[in-house]
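Contents: one structure, followed by commentary.
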Amino acid sequence: MHTKATEPTNDPTDEKQYRRRLTGRRGRRALIAGAGALALTAALGACGKADPYYSGSDKTVTLPTASWAGAEANTAVAKQILEKELGYRVKATQMDEPVAFDALNSGKADALMEDWRGVPKKEKKYVEEKKTVTYEGELGVTGHIGWFVPTYYAEKHPEVKTWKGLNKLKDDFKTPESGDKGQLLEGSPSYSTYDDAIIKNLGLDFKTVYAGSEAAQIKEMQKKYKAKKPFITYWWTPQWLNSKLDLTEVKLPKYKKGCDAVASEVKCAYPYTPLAKFFNKDFSENGGDAAEFLKNFKWSTKQQTKVVEDMTIRKMDTDEAAAKWVEENPDIWKKWMPKK
């Protein structure tokens, strides 16, 4: 979709402004399309004990970062502490999940701080078979993906609360993009989903339609919500918008271990997933203070959401929101620091 150029706004649903804010772009970070780099190059002098992973004084840590706000919050807080307390430079590179695993394998990235376990084949290949990537435990946040409708619609049409009632309500969800089928609103095509398979295997008369990005998806959801129109969308928790929109999850067939093993055969709900951390093996073993700190980095959904809400609802620059959290919560992050 192409639109005329407009003056910048502070509307968090304006995609350009939203993405600038998520990436902390205020003269320091620039978003490059695709799997481009978000250069976070404000450097402090090197200090602390020597780290065998680094050569000379170039103590740069590269963190692949997804385009959603929670992942940006992890990186921004880690950056604040790595740079200001431990003397590293941090380079955040925007990458989709499959590309991030490739980068960890090749050594082009050091640590992935939030993984939704959406690429099991790559995980098996690099972690179990090649052993070039290491699993480094849980981030502390539990994620869940599902299909959601606005609660005002669910209250009028309670049959929408289960997948079995969707087909007879499909006309309420039709759009020009979905034709004679109901529309299931999606975000970015790069997200790992099983929705097309779920629709096919459950015999649902629906079609996935992609907004193009998280920001565009949010804008469409807010537009329909304000107008009290029906919509059904692929969505997830935690997510800052959930404090603004009252949504009800559509019950899909119960998730059972292995029901998503073959992508084309999935016909079950998404699991609740403890979000995970993965490192390049060399960095894990020889990354010194940086690796030890990132291994120790573990926070709650509530703590991550606090930073995300400052970034989005309160419209703070990403780095400012992270710095605020670091200043207000030394009792939490000091427990992550390397032991001297």
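The values are calculated or read from the model by the stated rules, or taken from the named source; none is laboratory data. Quick caveat, the model's predicted, so the values are computed rather than measured. Glycine gets a Cβ as well: all are built from the backbone with ideal geometry, and neighbour counts include every protein chain shown.
Can you tell me which residue among 164, 207, 170 is under 26 Å from the mean Cα position of the chain (by Cα), over 24 Å from residue 69 (Cα atoms) and not assigned by TED's automatic domain parsing to the domain that holds residue 306? Don't jump to the end; show me each part of the working.
Numbers: 164 fails: under 26 Å from the mean Cα position of the chain (by Cα); 170 fails: under 26 Å from the mean Cα position of the chain (by Cα).
When all the criteria are applied, what remains is 207.
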- Could you grab the pairs with beta carbons closer than 8 Å, sequence gap of 6+ or different chains, first residue in the range 310-325 and on the phi > 0 side of the Ramachandran plot and surrounded by fewer than 21 Cβ atoms within 10 Å (Cβ to Cβ), second one part of a helix (DSSP H, G or I) and not polar (S, T, N, Q)? 315/21
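From the set of residues in the range 283-309 that are of a type in the set (Gly, Ala, Ser) and in a helix (DSSP H, G or I), which is surrounded by the fewest Cβ atoms within 10 Å (Cβ to Cβ)? Write out each step before concluding.
First, pick out the residues of the range 283-309 that are of a type in the set (Gly, Ala, Ser): 284, 287-288, 290-291, 300.
Applying the additional criterion that residues be in a helix (DSSP H, G or I) yields 284, 288, 290-291.
Working: 284: 22, 288: 19, 290: 25, 291: 24.
The extreme case among them is 288.
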- Across the range 104-118, what is the number of residues that are under 14 Å from the mean Cα position of the chain (by Cα) and either buried (at least 17 other Cβ atoms within 10 Å of the Cβ) or farther than 23 Å from residue 254 by Cα (or both)? 6
- Query: What is the one condition in (1) over 17 Å from the mean Cα position of the chain (by Cα); (2) crowded, with 17+ Cβ neighbours inside 10 Å that residue 273 does not satisfy?
  - Reply: (1)
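Using the structure shown, decide if residue 267 is free of Cβ contacts under 8 Å to residues at least 40 places away in the same chain and out of contact with any strand residue (DSSP E or B) (no Cβ under 8 Å at 6 or more places or on another chain). Let's see the steps before the verdict.
Values: free of Cβ contacts under 8 Å to residues at least 40 places away in the same chain: no; out of contact with any strand residue (DSSP E or B) (no Cβ under 8 Å at 6 or more places or on another chain): yes.
When the stated conditions are applied, residue 267 does not pass them.
Regarding residue 63, is this residue over 22 Å from the mean Cα position of the chain (by Cα) and hydrophobic (A, V, I, L, M, F, W, C)?
Values: over 22 Å from the mean Cα position of the chain (by Cα): no; hydrophobic (A, V, I, L, M, F, W, C): yes.
So residue 63 fails the test.
Modelled with pLDDT of 95 or more, assigned to a helix (DSSP H, G or I) and crowded, with 19+ Cβ neighbours inside 10 Å, is that true of residue 331?
No.
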- Message: Here's a check for you: in the range 123-152, which residue that is assigned to a helix (DSSP H, G or I) and touching a Ser or Thr at 6+ places or on another chain (Cβ under 8 Å) is surrounded by the most Cβ atoms within 10 Å (Cβ to Cβ)?
- Response: 126
- Message: Any residue at all in the range 247-265 that's among the aliphatic types (A, V, I, L, M), in a helix (DSSP H, G or I) and under 23 Å from the mean Cα position of the chain (by Cα)?
- Response: yes
- Task: State whether the residues of the range 205-228 include one that is surrounded by fewer than 21 Cβ atoms within 10 Å (Cβ to Cβ), touching a residue at least 40 places away in the same chain (Cβ under 8 Å), touching a Gly at 6+ places or on another chain (Cβ under 9 Å) and assigned to a strand (DSSP E or B).
- Result: no
- Could you list, in sequence order, the residues of the range 283-322 that are within 20 Å of the chain's Cα centre (by Cα) and of a type in the set (A, V, I, L, M)? 294, 307, 308, 311, 313, 316, 321, 322
